Structure formats: structure tokens, C-alpha cells
Amino acid sequence: MSQENKHKSEWPLWEVFIRSKAGLDHKHAGSLHAADAQMAIENARDVYTRRMEGVSIWVVESKYIHASDPDESESLYDPANDKVYRHPTFYNLPDEVKYM
Amino acid sequence: MAKQIDLLDYTLRLADNELIIGHRLSEWCGHGPILEQDIAITNIALDHLGQARSLYQYAAEQFNHLTQEEKNKFFASATLQNVFTSGASIDEDDLAYLRDVWDFRNVLLVEQPNKDWAYTVCRSLFYDAFKFFFYTELLKSKDETFAAVAEKSLKEVTYHLRWSSEWIIRLGDGTDESHEKMQAAVNDLWMYTGELTAMDDTDKTMLSHGIGVDLATIQPLWQERVMETLKEATLTTPVNTWMQGGGKEGKHSEHLGYILAELQFMQRAYPGMDW
């Protein structure tokens, strides 16, 4: 690896979250490299919002994202498969209950 | 009548600054130091080109209203003369592609080569800081087109100035090597900054009509803003006061010819081509 490439790889990776309009939540848009948080926000502005995709940006250094283990998917997520009663639509509401 | 000629001259100065710095920045496209900055600098280049277009459209409209005699005197570039001496009206593309060096009125600063990232962001800082204060004043212009262009451009230049300032601070206050390169760029480009705020007859005429900007009021604001950034970047503001000039009157450095050769080649070789 050349000296130049080595320097490039020293910039940490950041995850970018974009709010598409006021009232909506921030959604993961992608990732990018930047020297620090401020540069990450500026880079995110240029990379992810130049087609009017957003009104607010969050960035977090990728190393601070902790993810669930894909190998544990069965034990983590499959048990929810047969619990339809957890959906509010499972219950019949009495007519007297309004505004639900 | 002098007012109309001066207004056209003034419009072209603003437009040419935008086209030439936009072209310079676009030269980085595909060569940026990192993907994210390649996109950033190309976005900024396109902002400049967009502003150039609005101003060229306005300039073309003004030019087409001149008398034939005034037209013949205004531009000396043969290819452009061929268009209007045949009685045709000119448009934004004719102004960008068919004028030769001496008919361009941009300041010398914007045509200086990219050289390296330090030179590129330094040139941008000097220009962006000027443009920010200039367009803030131009908002009050009696000329409605200028005021409208200023309003739209201010949002863009506010970001450009932030971007270039950030880079100056990062590189100036970075490693020994980046500091040295940043200081070299500041020192070399300094002599092109005087022209930005030097008033000439056209500037004075436009100011007296309430159309143009008083550059004397811009100068201290520019100086303060630039010095503030250089100080934060641990860089030294040059003390030399001898300044280059001539761009506004069409006297350019050798660099502009090379820029135009690349920028205008297609339209010169294949007149009227479209894609």
C-alpha cells in the first residue's frame, strides 16, 4: 500500500442518518470516511443530501455501532413468529372505544 | 448610455469570475483526494457554473439591446463578432464559448492553477470570503436581477466559505508538512487578492447608480474574515502590499488561455454542437 493510501485509510468510517423531512425520524443512509464529526457531517451533506434527500443529518463513528449477531437470528427473532396477539389488530375493540 | 455599457461590463465580471473558478474546481472531478471531497468540490463547481449561467443570460439580454455600433466596439473576439455582425442575437453559450482571453473580465485570482489541494482551498477561501461580503451588499442593489442572483447565491457561498475555511484550518493547523504547504499557498496567492476590492471606473459608475457595491467597505470585512481564519489555522498573513491587477480590464495571466483552450474546444471545433 502506498503512503498516500495508508493515510486515506486512517480516516475513520462514519455511519450517516438522514431525516428526510421535519417530523420523520432519521434513517440510515450509508457510510463515509471523514477525519472527525464535523467533516463527516459536511461530507454527508455533499454525498447524501445533494438531491434534496434531507433536512437533518446525524453521524456516528461506525465503531460505536454495536450489532446483533446474525448467527443468533433464530433464537432472537423466530420466537416472535407465532405471537400474533402482540399486534394491536389482533383484538376486537368494543364499539364504545373511540379514537384508537 | 454609458450606464448600459458599464452594467454589461459589470455583469460579465461577476459571470466570468464564476465560470472560471467553477471550471478550475471542476478540474478536480475524478481526481479528488478522497471520494467524499471529490463529490464536495464538484458540487461546489456546479454551484459556480449555475451562478455563471444566470449572469450570462442577463449579460446576453443586455448585449442584444445595444446598437450595432456599440456591439461592434464591445467585444473584439472574431468568432463572437461573426455571430452578432450577421444580425443574430447572442446567448449565454456564445459568451462562455466564443470569447477569447482579452474579452474575459474575471479577476486574476480565479484563473490561478489548482497546483495542489492547499492552493485550491486557499484560492477558494480568498474568493469565497470576498464573494460572501460582495453578494451581501449586492442584495441591496437597485438592479433586480443582481439582487435576485445575490439572494440565491448567498446560501451557496455561505457553505463554500465554510468548506474552504475548514480546510485551511485543518491543513494549517495539521502536520508540519500540511502547514508548510498551506503557508506556501497563502503566500503565493496573496498578491492576487488586492484586485478583488480595488475600485475602478466601472465599479464607481455602478456604485453611483446604486447598482454596484462599494468595494472600499468590503475590503476591511474581507481582511478581517480571512485573517481570522488564517490565525485559527496558525498561518501567517502576508505583509506584502504589492498587488497584481488587470483581470477586470481583460489583461490576464498566461493561465486563462489554457483554461479556455480546454473549456471552449468542443464548440470551437464543432460549432453549435449539442449533446
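What residue, of B:Glu70, B:Glu27, is of a type in the set (D, E, K, R) and under 22 Å from B:Asn114 (Cβ atoms)? Step through it out loud before you land on a result.
Values: B:Glu70 fails: under 22 Å from B:Asn114 (Cβ atoms).
None of the others qualify; the one that does is B:Glu27.
Of all residues in segment A:40-53, which are facing another protein chain (nearest Cβ under 10 Å) and among the acidic types (Asp, Glu)?
Selection gives A:Glu42, A:Asp46.
Being within 14 Å of another protein chain (Cβ to nearest Cβ) and closer than 18 Å to B:Ser153 by Cβ is the filter here, so list the residues in segment B:13-33 that pass it.
Quick first cut of segment B:13-33, residues within 14 Å of another protein chain (Cβ to nearest Cβ) only: B:25, B:28-29, B:31-33.
Correct list: B:Leu25 only.
Quickly run through segment B:56-76 and pick out the residues that are crowded, with 16+ Cβ neighbours inside 10 Å and part of a loop (DSSP other than H, G, I, E, B).
The answer is B:Leu66, B:Phe75.
Somewhere in segment B:233-244, is a residue closer than 16 Å to B:Cys122 by Cβ, out of contact with any strand residue (DSSP E or B) (no Cβ under 8 Å at 6 or more places or on another chain) and in a helix (DSSP H, G or I)?
no
So, in segment A:18-39, exactly how many residues are surrounded by 14 or more Cβ atoms within 10 Å (Cβ to Cβ) and facing chain B (nearest Cβ under 9 Å)?
5
For segment B:67-74, check the following and say yes or no: at least one residue is more than 14 Å from chain A (Cβ to nearest Cβ), free of Cβ contacts under 8 Å to residues at least 24 places away in the same chain and touching a Phe, Trp or Tyr at 6+ places or on another chain (Cβ under 6 Å). Before the answer, list the steps.
Residues of segment B:67-74 that are more than 14 Å from chain A (Cβ to nearest Cβ), as a first pass: B:67-74.
Pick out the ones that are also free of Cβ contacts under 8 Å to residues at least 24 places away in the same chain and you get B:67-69, B:71-73.
Pick out the ones that are also touching a Phe, Trp or Tyr at 6+ places or on another chain (Cβ under 6 Å) and you get B:71.
The answer is yes; a qualifying residue exists.
Could you grab me the full set of residues in segment B:225-241 that are touching a Ser or Thr at 6+ places or on another chain (Cβ under 6 Å) and touching a residue at least 24 places away in the same chain (Cβ under 8 Å)?
Scanning segment B:225-241 gives B:Thr229, B:Leu230.
Need the failing condition index for B:Met206 against (1) aliphatic (A, V, I, L, M); (2) closer than 22 Å to B:Arg24 by Cα; (3) crowded, with 21+ Cβ neighbours inside 10 Å; (4) away from chain A (no Cβ under 14 Å), just the number.
Checking B:Met206 against (1) aliphatic (A, V, I, L, M); (2) closer than 22 Å to B:Arg24 by Cα; (3) crowded, with 21+ Cβ neighbours inside 10 Å; (4) away from chain A (no Cβ under 14 Å), the one that fails is (2).
Here, each number is a calculation from the coordinates, and none is a lab measurement. Keep in mind that this is a model prediction, so the values were computed, not measured. Don't worry about glycine lacking a Cβ; one is built from the backbone with ideal geometry, like all the others, and counts go over all protein chains shown.
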